[in-house]
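Chemist: One structure, pasted below without further comment.
The values are calculated or read from the model by the stated rules, or taken from the named source; none is laboratory data. In this text the structure is predicted, and so the values were computed from the model without any measurement. Here the Cβ positions follow ideal geometry from the backbone for every residue, glycine too, while neighbour counts run over all protein chains shown.
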Amino acid sequence: MNLSLRRRMIIWYAVAIPALVLLMAFAAQQVMLAVLRANLDDGLQARTEDVVSAMLTNLGRDRQSYADEIEFLTEQEFSSVPLILRIFGPNDTVVAQFGEIPDLVIPTLDGLVDGRDLAEGVFDTVSIRGVESLRVYAVAVDDPETGRLLAVVQTGESLSSITSASSQLWWYSLGIGLLGGLLATAMGVFLLHRGLVPLQRILQRVEAIETQDLEHGVPDEPRPPELQRLADSLNTMWQRIDTEFKTNQLFVATVSHELRTPLTVLSGQIDVLLMQPGLGTGDRQSLEKMSREVERLVRLSNDLLLNAQLDTELSPARENVDVRALAVEVVGELFTADVNRKVKFPSHDRLEVMADRDLLKRLVLNVVENAIKYTSEDDTIALKTYRDGRWAVVSVADTGRGISREDLPHVMEPFFRSGGQKNETRGAGLGLAIVEQVVKLHNGEIEILSEEGKGTTVLVRLPAG
């Protein structure tokens with residue numbers, strides 16, 4: 001699938017920007033959750049240290065035994081006591097316990113203390129199905145004087161607030177990501193559209209430019225430096241092409257015009273020689289062949305001159321022309337005794353168009369000549385003129401050899417000659433090219449329908465008067 005640059009960039013925007021916004025939203029979510037977890041750990045550690053500090057302070061009193069000290073501590077009301085507080089003796093037995101601790105969790109909490117080095121304090125997370133998750137902190141309490149282990153303090157806080165915050169942040173991140181992605185995409189598409197407007201204008205100018213309008217190029221207007229370089233390059237290229245095109249037109253027109261006089265003189269001299277009495281059969285045949293070739297060269301030079309003129313003619317002279325009468329005139333000129341074809345020319349009412357009569361006649365002549373050229377005596381040529389809505393239509397249909405599918409798109413190109421044409425029917429390849437130019441000058445349309453072996457139909461549509 002061949003997508004335009006604009007569509008490709010819009011697709012990239014529609015995919016990349018929402019994905020980036022979603023990624024940033026979820027990254028922010030993870031950062032916030034990490035901060036919440038860190039704050040929870042810091043608070044849990046600080047409150048545990050308060051408990052340890054209170055223990056060490058009270059142990060400094062004059063007590064008879066360690067058991068008495070623990071009993072005394074259990075009777076105290078510590079400020080900011082965590083949700084769970086457990087105190088283990090030196091033999092890993094629980095000597096004090098605060099808070100409601102589910103029975104399912106106790107074995108796990110005991111296992112977090114057994115045989116571990118807790119001198120620096122250790123954090124753990126306890127997650128058991130059916131029970132609220134806990135964040136647990138355990139630290140060993142040593143006698144400041146003797147260094148012996150006095151107790152292990154284990155505290156815990158519920159992770160419900162973190163879990164709830166995580167769920168809310170997930171939905172917030174999803175909503176913000178989608179909404180932000182849509183807004184960013186809409187803004188990106190808008191800016192992309194605005195940014196491509198100068199390029200679109202250049203493309204419209206490129207598509208609209210004609211060979212007669214090359215010198216004007218891309219108009220000056222504010223645009224980004226990169227697009228300005230493109231516009232300057234196009235203008236420079238068009239100026240060069242315009243210069244070469246006009247030089248070529250002048251050369252063709254001059255040569256064609258200069259050839260007409262000597263060819264006309266040569267044709268006249270041959271006609272004079274053919275009128276001489278006592279001319280031999282062989283000489284007559286040679287002169288007749290020369291006459292036909294000279295006539296072909298005259299037609300070629302006329303076609304070249306007309307083609308060059310049409311390339312520069314922007315406003316042909318216009319008058320009311322009866323297309324049907326013009327078609328009848330063309331039939332009378334072309335279908336002479338040596339052109340034996342079956343011609344169908346149904347009667348039709350007067351059909352007028354505003355056109356240059358000479359150019360319109362040349363148009364019909366070229367189309368009908370083509371039909372004659374590529375049909376035999378057994379074929380039929382049907383010439384019709386009729387109105388179709390706002391169009392005056394000239395239709396020339398034949399039952400001749402037709403045009404191959406490969407050649408059909410090129411038949412109106414100058415100097416194109418189909419590979420399937422016989423030598424005796426080959427021309428310069430300017431007939432239909434001139435027809436197309438005349439049609440364009442009159443703001444009309446031309447359509448060629450053909451199937452090899454079944455014939456060809458040429459439809460010329462001109463604005464009806």
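Chemist: Have a look at L159, L169, L174 and point out the one that is out of contact with any Leu (no Cβ under 6 Å at 6 or more places or on another chain), surrounded by fewer than 18 Cβ atoms within 10 Å (Cβ to Cβ) and of a type in the set (A, V, I, L, M, F, W, C).
Modeler: Going through L159, L169, L174 in turn, just one is out of contact with any Leu (no Cβ under 6 Å at 6 or more places or on another chain), surrounded by fewer than 18 Cβ atoms within 10 Å (Cβ to Cβ) and of a type in the set (A, V, I, L, M, F, W, C): L174.
Chemist: Among the listed residues R296, R284, R292, identify the single one that is of a type in the set (K, R) and more than 25 Å from K373 (Cβ to Cβ).
Modeler: Result of the check over R296, R284, R292: R284.
Chemist: Filtering segment 136-181 down to residues that are over 21 Å from T108 (Cα atoms) and among the charged types (D, E, K, R), which residue is farthest from the chain's Cα centre (by Cα)?
Modeler: Ranking the qualifying residues of segment 136-181, first place goes to E145.
Chemist: Hey, another quick one. Is it fair to say L40 is farther than 30 Å from G156 by Cβ and either assigned to a helix (DSSP H, G or I) or at pLDDT below 80 (or both)? Don't jump to the end; show me each part of the working.
Modeler: Numbers: farther than 30 Å from G156 by Cβ: no; either assigned to a helix (DSSP H, G or I) or at pLDDT below 80 (or both): yes.
Judged against the criteria, L40 is not a match.
Chemist: Continuing with this model, one more query. Quick one: V141 ticks every box in (1) among the aliphatic types (A, V, I, L, M); (2) exposed (fewer than 13 other Cβ atoms within 10 Å of the Cβ); (3) in the same structural domain as P18 (by TED's automatic domain parsing) bar one, so which box is it?
Modeler: (2)
Chemist: Sticking with this one: Among the candidates L179, L150, which residue alone is outside the structural domain of V31 (by TED's automatic domain parsing), of a type outside the set (D, E, K, R) and at pLDDT 80 or above? Please lay out each step first, then the result.
Modeler: Values: L150 fails: outside the structural domain of V31 (by TED's automatic domain parsing).
Criteria check complete, one pass: L179.
Chemist: Tell me the strands (runs of 3 or more DSSP E) entirely within segment 90-177 that contain at least 2 residues that are in contact with a strand residue (DSSP E or B) (Cβ under 7 Å, 6 or more places away or on another chain) and farther than 25 Å from Q29 by Cβ.
Modeler: The strands (runs of 3 or more DSSP E) meeting that bar are 94-98, 134-142, 149-158.
Chemist: For segment 150-183, give me each residue that is among the hydroxyl-bearing types (S, T, Y) and touching an Asp or Glu at 6+ places or on another chain (Cβ under 6 Å).
Modeler: Passing the criteria: S158, S160.
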